[in-house]
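**Student:** Okay, handing you the structure first.
The values are calculated or read from the model by the stated rules, or taken from the named source; none is laboratory data. Since the structure is predicted, the reported quantities are computational estimates derived from the model, not experimental observations. All Cβ positions, even for glycine, are placed from backbone atoms using ideal geometry, and neighbour counts span all protein chains on display. Just so you know, the surface numbers come from the protein's heavy atoms only, side chains and all, with ligands and any DNA or RNA stripped out. Shrake-Rupley method; radii C 1.70, N 1.55, O 1.52, S 1.80 Å.
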Amino acid sequence: MTPHRVVARADDRRGAVARPPGVPAQQLAPGVSPGISAVLDLQRAAGNGATAGLLVPVQRQRNKAAGVAKYGTTRLTDRLDDMMQRGVLGVAGAPATLDRDQLFVLQGVANVETGGKDNAVYTRDNMYVSLGFKQVTLSWGSLYEIIEAAPGAFAKHGIVLGGGTYTLKAGVKPAIEGAPDPVMLKTPPWTDRFFAAGGEDEVVSAMVAYTLKEQGRMERRFATDSPGKSNPWMRDPTARAWLLEARNNRPVFAYAAAKRTLARTSGQEMAREAFLAVLESEIRRVYEAHDEGKKAANIISKISRTVPPGGGTSTPAAPGTGPAAVPATPSPGAGARGTELVDEAAAVLPPAKAAGGGSGGGSGTVAAIGAAGLVAAALRLLVAAGHGDANALTNFAFWTAHPELFGTKLAPSQPNFAQLSAEWIRLRDGIVRAAHATPAAGRTAPTTPPTTQPAAGTVPADVIAAESPPPQAAGATQAGGGDKYFAQRVGRYRDVADSGKKAGQIRPWLHKTSGANVCNMTSLTMGLVSMAGEDEVRARMIGLLRTAGMHTGAQVEVGKKFVDLAAALADPSMSARISTLDLVTAVAIGKQGTYKSVTEAGTIARVARDAGIATKARVAAGRIHLADPQVRAKAARMLADGTRVIVGTVNHYVYLTDVRDDGVVVHDPAGARVTPGLTGYLFVRAGNGAAIANEFLKMDAGRQAAAVRRVTTNPAAAAVINELPAIAALPVAERAAAAARVGAGHPGHVETGASNFYATSEFRENDLRLMVTLSKGS
């Protein structure tokens with residue numbers, strides 16, 4: 001039968017639903033309203049299998065508060081600690097380990113959203129479904145990012161993106177298979193399925209990655225909104241958690257509160273509690289201006305001012321006693337302790353520099369050590385010699401960055417005292433602590449990655465190391481900001497010429513392998529995987545190859561043997577072993593393209609659009625050079641808004657992950673670049689400690705210094721490379737044995753191209769420029 005349209009009688013103030021003609025009235029149970037009775041009549045008449053579209057008007061009109069609120073029983077920090085111990089956290093874009101501050105911020109968000117629990121599903125509002133400790137929502141699209149990051153975990157519970165669509169606040173989005181209307185998701189069995197999926201380790205990991213990425217975007221936006229303004233307490237865990245939760249609730253409010261706070265505190269010397277008082281007042285002020293003061297109070301009251309001293313699970317320290325309490329007046333100098341270390345530390349300098357480094361006394365020597373990138377080596381030398389005074393060692397490290405302050409004590413009356421104090425503490429807790437952690441003689445691998453003081457114009461490397469999650473080893477690794485790193489060397493695509501004298505013969509790549517030529521496709525792969533997850537990228541590329549076709553004789557390497565690409569795609573056991581990079585390369589070349597096709601920015605944008613992942617993929621035009629501050633600011637805004645950016649260097653493509661006041665961080669598919677030009681050693685390539693040492697020691701001093709600077713934002717690579725300048729300064733006869741010790745201490749594979757730092761002073765010579773931007777939208 002054709003169901004009658006459901007209409008409400010205009011003269012019925014109770015809002016009852018009119019009964020379709022021919023449907024008999026039913027006897028009402030006690031307490032059942034006529035409106036509900038009409039719905040039951042309709043269901044009986046149309047059958048229990050009535051389409052969702054038949055009931056949607058009723059569902060939306062009545063019982064707007066209907067839905068489910070279901071919460072987990074495990075505290076988020078306990079769950080994350082357990083996942084780290086089991087080694088299951090580092091998937092779906094999440095770092096393998098979390099530090100105390102990250103745990104505190106994540107727990108703070110959960111305190112507000114789920115009462116501190118690791119999982120929740122909530123469907124009683126107009127978001128349709130809110131999931132997990134972050135309460136990502138279907139309506140605003142954030143839940144889709146979690147589903148795309150962990151599709152298998154959701155599929156286990158019957159949640160799969162289907163072919164239909166929903167029209168949501170975030171725009172037109174794919175429908176959940178089996179739920180043609182999102183209203184259906186607000187009740188069982190869907191709420192039970194979402195709750196079960198939210199409890200999966202991979203989904204929790206995906207939500208951690210998403211939350212940390214949101215934090216990074218937020219803080220980049222703060223820098224853009226308040227150029228030139230900063231306060232070290234903006235990185236305090238409580239401040240970060242307050243602002244992140246405000247952004248989660250009302251993004252505009254968070255940005256307004258941060259901007260006002262920086263306007264009031266930038267450059268001022270103040271204790272932590274004083275800063276938090278300012279930040280609290282600004283958060284409350286912006287919420288109260290919109291009559292939402294209770295929400296601000298909820299954030300402030302549920303996120304503690306006290307940071308636990310350990311991994312985030314121990315009993316909170318008493319106010320003012322925890323590690324984040326106040327940046328206590330640094331020690332320079334307590335009698336200027338550390339000046340007596342200078343002569344002994346100078347032993348790490350090359351002979352010529354050591355001879356000239358003393359000009360200007362101790363300040364000249366510490367300046368030379370800092371400029372040469374040998375601070376970590378000097379500290380390890382001093383610790384090995386028996387110097388254990390952490391304050392003296394921190395003073396020494398601090399003076400290498402500020403030789404003009406050599407031998408003096410910081411005082412509250414000094415300009416920038418707050419920033420200098422915070423820097424001193426970071427040095428003590430980072431590079432000095434790492435030097436103390438160096439293993440005994442015979443082993444060179446530090447338990448905490450050592451760092452160096454980079455050249456002028458960069459931030460202290462120990463700070464970066466502390467704030468950057470370490471990359472995971474292997475061809476595709478996770479490094480910083482949730483963007484997966486891919487190395488181009490794994491490329492193994494090839495095909496045959498389809499015309500000319502060599503028709504039917506294998507076409508040779510330059511340098512004989514695609515892996516030497518596909519920095520472009522690798523950078524594109526990183527961008528697409530960041531947007532949709534690797535499984536989705538692979539599925540889209542395979543779909544394009546099957547529908548649009550592939551080049552004559554296209555082959556890929558599987559199990560160290562080249563096989564026909566079409567045959568490999570037809571065999572599930574083989575298709576899963578094709579590298580993602582080769583799939584992207586094959587799509588870029590297509591049926592008619594040449595190997596040169598992959599070098600063109602237009603090809604990068606076309607593949608992204610054809611895949612349907614970055615529907616708004618564009619070749620950059622107009623002002624594109626990052627040496628231009630306005631272009632740099634534009635790039636920062638794009639990253640903050642979720643746009644992925646592929647950047648060009650000299651004859652090369654890289655993937656942009658961060659824009660800082662002092663430079664940028666990129667994933668370089670080829671390795672750590674040390675030469676702006678195209679001759680001589682161009683990169684420190686990936687490998688184990690022995691391979692990296694062997695390559696580094698063959699380079700001149702200028703390239704070695706560039707290598708040290710490049711890896712300041714890659715702790716895994718810095719742990720190896722920071723040991724090498726001291727070895728390069730040894731007599732030739734002693735270098736081989738020292739390099740062998742480095743190799744023994746670092747036997748694992750290290751991706752040197754992940755999270756490479758370029759200072760602003762290097763932009764012009766490296767020709768850093770915008771090439772392609774990838775985003776979703778029309």
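**Student:** Residue by residue through segment 165-181, note down the ones that are closer than 15 Å to residue 142 by Cα and either surrounded by 15 or more Cβ atoms within 10 Å (Cβ to Cβ) or touching a Ser or Thr at 6+ places or on another chain (Cβ under 6 Å) (or both).
**Tutor:** Residues satisfying the conditions are 166, 168, 169, 170, 172, 173, 174, 175, 176.
**Student:** Just for segment 375-410: of the residues that are among the β-branched types (Val, Ile, Thr) and under 23 Å from residue 719 (Cα atoms), which one is farthest from the chain's Cα centre (by Cα)?
**Tutor:** 383
**Student:** I would also like to ask the following. Give segment 504-532 a look and list any residue that's open to solvent by less than 50 Å² (accessible area, probe 1.4 Å), of a type in the set (Gly, Ala, Ser) and more than 22 Å from residue 650 (Cβ to Cβ), or say none.
**Tutor:** Result: 530, 532.
This table checks each residue for (1) modelled with pLDDT under 50; (2) of a type in the set (S, T, N, Q); (3) under 19 Å from residue 203 (Cα atoms).
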residue	(1), (2), (3)
45	yes, no, no
50	yes, no, no
60	yes, no, no
68	no, no, no
71	no, no, yes
75	no, no, yes
90	no, no, yes
93	no, no, yes
103	no, no, yes
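**Student:** Still on this structure, I have one more. Among the listed residues 603, 615, which satisfies the condition of being β-branched (Val, Ile, Thr) and surrounded by fewer than 16 Cβ atoms within 10 Å (Cβ to Cβ)?
**Tutor:** 615
**Student:** Here's another thing I want to ask about it. Tell me, which strands (runs of 3 or more DSSP E) wholly within segment 643-712 include 2 or more residues that are surrounded by fewer than 24 Cβ atoms within 10 Å (Cβ to Cβ)?
**Tutor:** In segment 643-712, the matching strands (runs of 3 or more DSSP E) lie at 644-649, 652-659.
**Student:** Return the residues of segment 553-576 that are modelled with pLDDT under 90 and part of a loop (DSSP other than H, G, I, E, B); say none if nothing qualifies.
**Tutor:** Answer for segment 553-576, where residues must be modelled with pLDDT under 90 and part of a loop (DSSP other than H, G, I, E, B): 559, 560, 571, 576.
**Student:** Considering 714, 722, 756, which residue is polar (S, T, N, Q) and out of contact with any helix residue (DSSP H, G or I) (no Cβ under 8 Å at 6 or more places or on another chain)?
**Tutor:** Checking each option against the conditions leaves just 714.
**Student:** Tell me whether segment 665-680 contains one or more residues that are in contact with a Pro (Cβ under 6 Å, 6 or more places away or on another chain) and modelled with pLDDT under 95.
**Tutor:** No, that holds for no residue.
**Student:** Of these, 608, 568, which one is buried (at least 17 other Cβ atoms within 10 Å of the Cβ), touching a strand residue (DSSP E or B) at 6+ places or on another chain (Cβ under 8 Å) and in contact (Cβ under 8 Å) with a residue 40 or more places away in the chain?
**Tutor:** Step by step, each of 608, 568 is checked, and only 608 is buried (at least 17 other Cβ atoms within 10 Å of the Cβ), touching a strand residue (DSSP E or B) at 6+ places or on another chain (Cβ under 8 Å) and in contact (Cβ under 8 Å) with a residue 40 or more places away in the chain.
**Student:** Check segment 581-596 and report whether any residue there is within 19 Å of residue 667 (Cα to Cα), crowded, with 21+ Cβ neighbours inside 10 Å and hydroxyl-bearing (Ser, Thr, Tyr).
**Tutor:** The answer is yes, given that some residue of segment 581-596 is within 19 Å of residue 667 (Cα to Cα), crowded, with 21+ Cβ neighbours inside 10 Å and hydroxyl-bearing (Ser, Thr, Tyr).
**Student:** OK, next. Just to be sure I understand, how many residues within segment 143-164 are surrounded by 17 or more Cβ atoms within 10 Å (Cβ to Cβ), out of contact with any strand residue (DSSP E or B) (no Cβ under 7 Å at 6 or more places or on another chain) and hydrophobic (A, V, I, L, M, F, W, C)?
**Tutor:** Looking only at that region, the number is 4.
**Student:** Quick one: what pairs do we get from segment 623-638, first residue touching a residue at least 12 places away in the same chain (Cβ under 8 Å), second among the β-branched types (Val, Ile, Thr) and outside any helix (DSSP H, G or I), C-beta under 7 Å, 6+ apart or different chains?
**Tutor:** The qualifying pairs are 626/664; 631/624; 632/659; 635/645; 635/659; 636/659; 638/645; 638/773.
**Student:** Check off (1) open to solvent by less than 20 Å² (accessible area, probe 1.4 Å); (2) on the phi > 0 side of the Ramachandran plot for residue 777 and give me the number that stays unchecked.
**Tutor:** Residue 777 satisfies all of (1) open to solvent by less than 20 Å² (accessible area, probe 1.4 Å); (2) on the phi > 0 side of the Ramachandran plot except (1).
**Student:** Within the bounds of segment 741-749, is there any residue that is in contact (Cβ under 8 Å) with a residue 40 or more places away in the chain and open to solvent by less than 10 Å² (accessible area, probe 1.4 Å)?
**Tutor:** Within segment 741-749, one or more residues are in contact (Cβ under 8 Å) with a residue 40 or more places away in the chain and open to solvent by less than 10 Å² (accessible area, probe 1.4 Å).
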